[in-house]
1. From C:Leu67, C:Leu55, C:Leu106, C:Leu96, grab the single residue that is under 12 Å from C:Leu11 (Cα atoms) and either of a type in the set (Val, Ile, Thr) or at pLDDT 90 or above (or both).
2. B:Pro273 fails exactly one of the following numbered conditions: (1) free of Cβ contacts under 8 Å to residues at least 12 places away in the same chain; (2) within 14 Å of chain A (Cβ to nearest Cβ); (3) part of a loop (DSSP other than H, G, I, E, B); (4) of a type outside the set (A, V, I, L, M). What is the number of that condition?
3. Might you check whether a residue that is at pLDDT 95 or above, surrounded by fewer than 18 Cβ atoms within 10 Å (Cβ to Cβ) and aliphatic (A, V, I, L, M) occurs anywhere in region B:190-208?
4. Take the conditions of a type outside the set (D, E, K, R), surrounded by fewer than 19 Cβ atoms within 10 Å (Cβ to Cβ) and assigned to a helix (DSSP H, G or I) and apply them to B:Val392. Does it pass?
5. So for region A:99-109 (the condition being surrounded by 16 or more Cβ atoms within 10 Å (Cβ to Cβ), at the interface with another protein chain (Cβ under 9 Å from one of its Cβ atoms) and farther than 20 Å from B:Phe5 by Cβ), does at least one residue qualify?
6. Mind checking which helices (runs of 4 or more DSSP H) fall wholly inside region B:1-89 and carry at least 2 residues that are touching a residue at least 24 places away in the same chain (Cβ under 8 Å) and over 25 Å from B:Phe141 (Cβ atoms)?
7. Out of all the residues in region B:241-270, which are part of a helix (DSSP H, G or I) and farther than 13 Å from A:Val64 by Cα?
8. Under 8 Å between Cβ atoms, at least 6 apart or on separate chains: pull out the pairs that start in region B:354-381 with a residue that is closer than 14 Å to B:Ile210 by Cα and end on any residue that is among the β-branched types (Val, Ile, Thr).
Amino acid sequence: MQAPLHSASFDKINVIALIVKSVSSYRVLIFLRFVIAIIGGYAFTSASTALLCFLMPIAKQDAVLFSVSISILIYAVVFIYAFSVKSLKTVWISILLSTGTFTGLLALLKDWV
Amino acid sequence: MKDSFFRSMTWLHTWVGLLVCWLLYLIFFAGTLSFFRDEITLWNQPAIHNVQAQTQRIEAQKQQIITGFDYLANHGANSPSWRITLPEPRIPYLVYGYAKPKEPGQRRSQFKNTQLNPNTTQELEPFVDTKGGNFFYRLHFDLHYMDAITARWVICFASFFMLIAIISGVVIHKRIFKDMFSFRRNKGSRTWLDAHNLSSVLALPFHLMITYTGMITLIFMLFPYPAKTAYDNGMRGFFNDVTPRNTMTDKAKGESSMVPIQSILDQVYTKWPHADITRVQVNQPNMAASTITVLVSAGKTLRDQAPRLIFSGATGQMVAKTDDELTNSKALYESLNSMHTGRLATWLLRWLYVLGGIAGCVMIGSGCIMWAKRIRERTKNNDKPSFGLKLVEGLNLTTIMGLPLATCAFFIANRLLNPTTAERADKEILAFFLTWLAVAVIALLKRDTLQWRVMAAINTVACLSVPVINALTTNGNIVSYLMHKQWALFTFDALFLLFSILFFIQTEKLRTAKNTSKIISPSQSNNLKRQKS
Amino acid sequence: MIDLLGFSLCLFGFNGFALAKFNHFKDVFKKRPTESQSKSLLFIAWISILLSLVLCVATQSGYGALLFCGFMSLSVLIIMVFYNFLIGYVKWFSVLSALLIVLSGLFLALN
């Protein structure tokens, strides 16, 4: 027997409600925070150290050595930041935006685009 | 993420320890042992037990190198690579080696090494095949039985979480100065907390340093991007820039006899009088493109790259060298690396490093145990232990009691395995891992106070048996080491006796400890109190 | 010998830090410390530790800095053991550690 039309739209609302509920569940929020801290933090550190190294007005090998030496410090700061700010949205946006800016700047300076 | 920074850091401190604490315990355990890498290798190699320390070690180097060149010219004339390794205070023998032809599938060619007693210039007894201290050294960053790169990524992940745990730990330890010397005994979980806080604060500079610098040693695997961005040919370009290489005569073709080594050494001593030479390497001997590299000890300076001079073998001129003065960036990077490896440390600083390492093991171990106790306390009496609780308690028992036992097995295997056994070094390592696995199986079945007590008793016997078996299978023993002032060997045996005593104390303490499975929840104890009154 | 002087200064300093705290002072001397006693103990402790740091770094630069951190760890361990397990011996221990400073200092000065 074919499902009646009104119950089909009811199912759609149920599914959306389910997705919204699961995303706001505690475990998923924690998981997302770890994702941005670990992966986002790594991306931020990679982009910032690469850009820093490129911009430093010292010999190339020295710039590389300095950037890698402070890389872990940068990563640790970003990681702690990701767990200090209450709003998960702020954390995601700030890290993604800054990483994107660094990468974009680097791409422009190095004529990748 | 929580209402306050403090609360967030409290939450973070517990949870970053989650998966990685047992791996971190292994890293600290093996890493601490690695500070005595040379002494362990010495103990594992009876052939070098009786090599006496040289009285004029540095003065003897010139002649040792000259003799070595004669030897290698005779024996390794067709080899592409020669290496003379001079005796060091902690590695007391001389090695003349030349590379054998590379076999298919080998990354680097094997060396045919001749080991000599530097006092008598006689060849030493054949060495047994053992990894010695290098097993623990490699274990703590390459793990074992797995691809090294994968292992290093896992180790770096764990180390980074460790760094976060330390930072968050400092943030949440409000009473860090007030409680610096507090240790409340016999107060159950408070005592464990005090042990955790004490071992963390006591060696806090060490913990921060060793964790941060540990990742720095692998930093080019983690973040190759700066080098890739700065150099058009990426990492290769960077390495070429920072490593002194011969760019003057490396393209020369054909054969050419080499200048006498004395003329090279004269140049070395002119630049660095009283140099403590560690190694002399010859590439492509008797070719026009040959190079002779002389590496000297960095002594107590914070340098990671061994200072060296590279000469053309054919003309005798210096073609490359390490920087005399390091730039600030280079000094920073080399300091960080040299602080981690601690190669610069003489006996006092080395023991202080080991103290820090032991504090690290206590810090991590007490953290693991507190976590298990916390889960146990939350388990109501009639509930079956959850999978999580069984996992945590099982891994605690396996790691904390299993690693020492596995270490004993490694050394006992070294003494008991026949010197002519094939793959002998791998078998010693197998003994380590099989023992560890056996403890894991026991922990899988049951992990009560009784099992901890049994393991403590087994460890008591195992630690005691190491110096005993040593006495029975070699010419020396702890008493003879003391009499002949063989301090490294004496300390090795003495430490095992000390640990045997400590494990015995643990066995006795566990006799009177409450059985963990019978700990009742607070509500139950309240009920009992009401019933009694 | 210079290491011994550096270490004994550090140990003495941490002993001072411990005694400057009310609970530890009370355990040793059976009475609470006055404000000025605590302050002077703290002052002496800081001087001693800073002397140790300066000595280590001035004589052995980077190596000395590492050594100093190690000295701190060992000192905290020893002080912890005395104040929690051997409280009765703290007075003797304090005298001994002060003596160690004097002796190693003298030895250095005379050689």
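1. Being under 12 Å from C:Leu11 (Cα atoms) and either of a type in the set (Val, Ile, Thr) or at pLDDT 90 or above (or both) holds for just one of C:Leu67, C:Leu55, C:Leu106, C:Leu96, which is C:Leu96.
2. (2)
3. Within region B:190-208, one or more residues are at pLDDT 95 or above, surrounded by fewer than 18 Cβ atoms within 10 Å (Cβ to Cβ) and aliphatic (A, V, I, L, M).
4. no
5. Checked against the condition, which is being surrounded by 16 or more Cβ atoms within 10 Å (Cβ to Cβ), at the interface with another protein chain (Cβ under 9 Å from one of its Cβ atoms) and farther than 20 Å from B:Phe5 by Cβ, region A:99-109 yields at least one hit.
6. In region B:1-89, B:5-16, B:61-75 are the helices (runs of 4 or more DSSP H) which contain 2 or more residues that are touching a residue at least 24 places away in the same chain (Cβ under 8 Å) and over 25 Å from B:Phe141 (Cβ atoms).
7. Hits for region B:241-270 are B:Ile261, B:Gln262, B:Ser263, B:Ile264, B:Leu265, B:Asp266, B:Gln267, B:Val268, B:Tyr269, B:Thr270.
8. That search, which allows pairs on different chains as well, returns B:Val354/B:Thr32; B:Gly356/B:Ile210; B:Gly357/B:Thr32; B:Gly357/B:Ile210; B:Ile358/B:Thr32; B:Gly360/B:Thr32; B:Gly360/B:Ile210; B:Cys361/B:Thr32.
The values are calculated or read from the model by the stated rules, or taken from the named source; none is laboratory data. Predicted model, so just to flag it, every value in this text is computed and none were measured. When we count neighbours, we look across all protein chains shown, and the Cβ atoms used for this are built from the backbone with ideal geometry, even at glycine.
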